[in-house]
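Step one of this worksheet: look at the structure below.
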Amino acid sequence: MRRSLLTALAVAICTASGVAGYQHVRSGEGGWHEIAWPFPRDGWPAGRAFHCDTAACGDGVEVYVRPKIGFCSNCDTGVADDDEVDRVADLDLMSERFAPLAPGQLIEVADMHGRLRSYDLRMQDGSRHTAVGIAVSRHCDLLVAVAHGRGAASGVQRAALEFLKSREMSRWMTLAVDGG
Amino acid sequence: MTGRLKLANSLSVKLSFFFSAICSLPVVWITCGSTAYAQSQVITSQVIGAPPEASNMKLVGANDLQARSAYQPTIHRQGDRWIAYVGHHGGTDEIPDPVNPLTGKAEPNGTSIVDVTDPAHPKYLHHIPGQEGKYEGGGAQMVRVCDGKQLPKGDPNAVYMLRTFGSEAHEIWNTADPANPVLITRIGGLKDTHKNWWECETGIAFLVSGAPDWRTRRMTMIYDLSDPAHPQKIRDFGLPGQEPGATGAVPTEVHGPISAGPQGNRVYFGYGTDKGGFLQIVDRDKLLNGPKEPTAENLRLPEISRMPMSAFNGAHTTFPMLKMPIAEFAKDKDGKSRDIVMIVDEEIVNECAEPRQMVWFADVTTETRPMMISSFTVPEASGAFCERGGRFGSHSSNESMAPVYYKKMAFISFFNAGVRALDIRDPYHPTEVGYFIPAITAATDKRCVKIDGKDRCKVAIQTNNVETDERGYIYIVDRANTGLHILELTGPARAVAGLP
């Protein structure tokens, strides 16, 4: 009896802490589902991770997004060049081996301006993915996102941007940078 | 009284009681006494007119530096005069270009030149304007000084001041007449210039910069400035992956190097500032004379070792103290003296919104196996520093290697906790022996955090950098525009340095 109670308590605590760890987007909205942040702790707090495996997302796309508060570089100029995207967009969380597919482009997400760039990403198991790195800023704070999938860069980029520009994600990103 | 204020006062009383109770225990009394927990009440915010907070340090003199945000002070003896050169960040949103009372003109923050021969009455001599721009986007943060007679090819009558010009250049001025400096040369076309190092005995300069084609915001350009009028580029240096044309992950950027000179034959580079930092130990001779093309292989060649730090901490200052005798090891047949590097992280964010940035001591005697041996931080509860406003955490140390303090004491700028004086004679057990937190003034600028998208601001001292002179005076400067404070040690702290 006591063991059952302890087990139930442990399950309840784990479930509660798991839920508290990240807020779910509404399940199935546009095929996107929130998943646990899959990376070990680094210098920045964990962000939010999402997976989409519907036809609309091509061959499966994942997006990882997080604020980097107090980045302290280019407070006035923002994300000024493609090198900045290479440095900050969290591509290295997945693999240190990536190469840009083309020059980046200007982008606006959640009323923040920055740049987007596509990459060929070579994973540890040797497989190749397409990745899209996004970095936008407000004052000295950054909001970064990286999306990856097995499909073409244009498809990964389109799916990721549609998702990040959704009302719910835009609101969360604004709050995340503005200290909400 | 608001509920929040009540809570703060209640907390401060409880904390005072807690520390009083702990410190009354005989076992920990020595520690408590040395870290100055003797305050009867914890101060949770600063107000204009209140006295400075101090232990074993006292104010000798001050100058408002024209209310300009300050970065590096360098104190230089010129004949029978002592001159302080203070680099500044750019201006603020409210006052982008403060008025220089000496000229009557609004000038972008640059370099203040102050005669501190009489430290009780510092005299502001000249302001050299810097790059137009606000905060880190302008000014002239960094400054080093060498005598012409010490540089191998310098004009023996000149005093050369090397400074950054905003983010875009390094400049050398002749400040033999410190009230009338003359520009000698400029190394331009750069971005993100920052914390340089200049060997006066050789003229070799390590200029932290952003070269246009490198993938990192900051790397190191190495110059021969033995003849300051004719800079000679030696090479570019950085980490493999940062060089032009590389792909993949970009290693974290350099913040600043300190060279042990040709005798020590080492350069200690600090990377990371406040995150994922590491100390890199480099063979100076291979760095200067090895292959110079910036390939991954050539960049790797002079490196002896790296000591990674936690992802939570970075390296702003890497201050070498080689061949330190360690009293505890005196009877050991081997290893009785150690090579120590003091690593100071930089706190970046206001009001404790990131992991604590602090001070670390690394034993690098076996260079390929460097190891962190101790650390120091200011106890937050001793001053409710996370509530006071602005940054709380370390930023930098004094970098003078003059005998008065070298390998005996270190001074650490700790933003809203002022300057902290450490007894480092046993670097395995650094101990705080004094501190000084200047009073705020009407010039002290606010520091804000975002709460629900809106700014919530507080005013607190932001001691940014610290330097010492050969006489033993300690110079601290404020990032929040409060100016320069000249200090001296008192009581037991004075005895640590062997001062009368």
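Here, each number is a calculation from the coordinates, and none is a lab measurement. Keep in mind it's a predicted model, so treat the numbers as computed, not measured. Neighbour counts run over all protein chains shown; Cβ positions are idealised from the backbone, glycine included.
Taking the number of Cβ atoms within 10 Å of each Cβ as an exposure proxy, the fewest-first ranking of B:Arg306, B:Arg369 is B:Arg369, B:Arg306. Shielding of peptide B:243-250 by partners, expressed as the average count of other chain Cβ atoms within 10 Å per residue Cβ, is 5.
Sorting the segments B:121-130, B:391-400, B:185-194 by their mean number of nearby beta carbons within 10 angstrom, highest to lowest, gives B:391-400, B:121-130, B:185-194.
For the range B:230-312, what log10 I(q)/I(0) values come out of the Debye formula at q = 0.14, 0.21, 0.22, 0.25 1/Å, with one point per alpha carbon and no solvent? Computed log10 I(q)/I(0) values: -0.48, -1.05, -1.13, -1.34. Cross-link reach is defined here as a Cα-Cα straight distance under 13 Å, omitting same-chain residues fewer than 8 places apart; for B:Lys105 the aspartates and glutamates meeting it are B:Asp97.
Given their separation in residues at 0.36 nm each and the Cα-Cα distance between them, B:Arg471 and B:Asn265 gain 71.3 nm when the chain is fully extended.
Counting charges near B:Pro108 (Lys, Arg +1; Asp, Glu -1) among other residues having Cβ under 9 Å from its Cβ returns a value of -3. Each Cα pair under 8 Å and six or more residues apart adds its separation to the average, and for chain B the resulting relative contact order is 14 percent.
For the listed residue pairs B:Lys191/B:Lys408; B:Lys58/B:Lys134; B:Lys58/B:Lys149; B:Lys191/B:Lys292, the alpha carbons are over 29 angstrom apart in B:Lys191/B:Lys408; B:Lys58/B:Lys134; B:Lys58/B:Lys149.
Per residue of chain B, the DSSP helices (runs of n ≥ 4 H) give a summed -39500 (n - 2.57) that works out to -3000 deg cm²/dmol at 222 nm.
Restricting the chymotrypsin sites (Phe, Trp or Tyr not before Pro) of the range B:424-500 to loop positions (DSSP other than H, G, I, E, B) with no more than 16 neighbouring Cβ atoms within 10 Å leaves B:Tyr428. Pairs of C-alpha atoms in the range B:99-222 farther apart than 19 Å represent 51 percent of all such pairs. When Rg and the Kirkwood Rh are both derived from Cα coordinates, the Rg/Rh ratio for the protein assembly as shown amounts to 0.98. Cα centroids of the range B:363-384 and the range B:260-290: 19 Å apart. At an R0 of 56 angstrom, the distance between the Cβ atoms of A:Thr54 and B:Arg306 translates into a FRET efficiency of 0.80. Can you tell me how the range B:229-277 classifies by the Cα gyration tensor, rounded, prolate or oblate, using a/c under 1.5 as the rounded cut? Verdict is oblate for the range B:229-277. Taking Cα centroids, how far is the range B:42-79 from the range B:418-493 in Å? The range B:42-79 and the range B:418-493 have Cα centres spaced 7 Å from each other. Shielding of peptide B:267-276 by partners, expressed as the average count of other chain Cβ atoms within 10 Å per residue Cβ, is 2.
Bridgeable aspartates and glutamates around B:Lys450 (alpha carbons under 20 Å apart, same-chain partners fewer than 8 residues away excluded): A:Asp76, A:Asp111, A:Asp141, A:Asp178, B:Asp93, B:Glu94, B:Glu136, B:Glu347, B:Glu351, B:Glu354, B:Glu387. Using the Stokes-Einstein relation with a Kirkwood hydrodynamic radius computed over Cα pairs, the translational diffusion coefficient of the range B:163-264 at 25 °C and a viscosity of 0.890 mPa s comes to 171 µm²/s.
Cα extents for the range B:331-375 along the principal axes, largest to smallest and rounded to whole angstrom: 48, 22, 11.
Which whole-number percent gives the relative contact order of the range B:337-378, counting Cα pairs below 8 Å spaced six or more residues apart? Here the relative contact order equals 37 percent. Along the range B:50-60 the Karplus relation, 6.51 cos²θ - 1.76 cosθ + 1.60 evaluated at θ = phi - 60°, assigns HN-Hα couplings of 6, x, x, 9, 8, 9, 6, 9, 9, 6, 9 Hz to successive residues, with x for each Gly and Pro. Per-residue 3J(HN,Hα) values for the range A:139-156, derived from phi via the Karplus relation 6.51 cos²θ - 1.76 cosθ + 1.60 with θ = phi - 60°, read 6, 9, 10, 10, 10, 10, 9, 9, 10, 8, x, 8, x, 5, 4, 4, x, 4 Hz in sequence order (x marks Gly and Pro). For B:Val159, nonlocal amide neighbours, meaning residues 5 or more places apart or on other chains whose placed amide H falls under 5 Å from its own, are B:Gly148, B:Thr175, B:Ala176. Arranged from fewest to most other beta-carbon atoms within 10 Å of their beta carbon, B:Trp360, B:Trp197 become B:Trp197, B:Trp360. Its residues counted as N, the range A:26-178 yields a C-alpha radius of gyration over 2.2 N^0.38 Å of 0.96. Kirkwood radius, chain B, all distinct C-alpha pairs, inverse of mean reciprocal distance: 23.1 Å.
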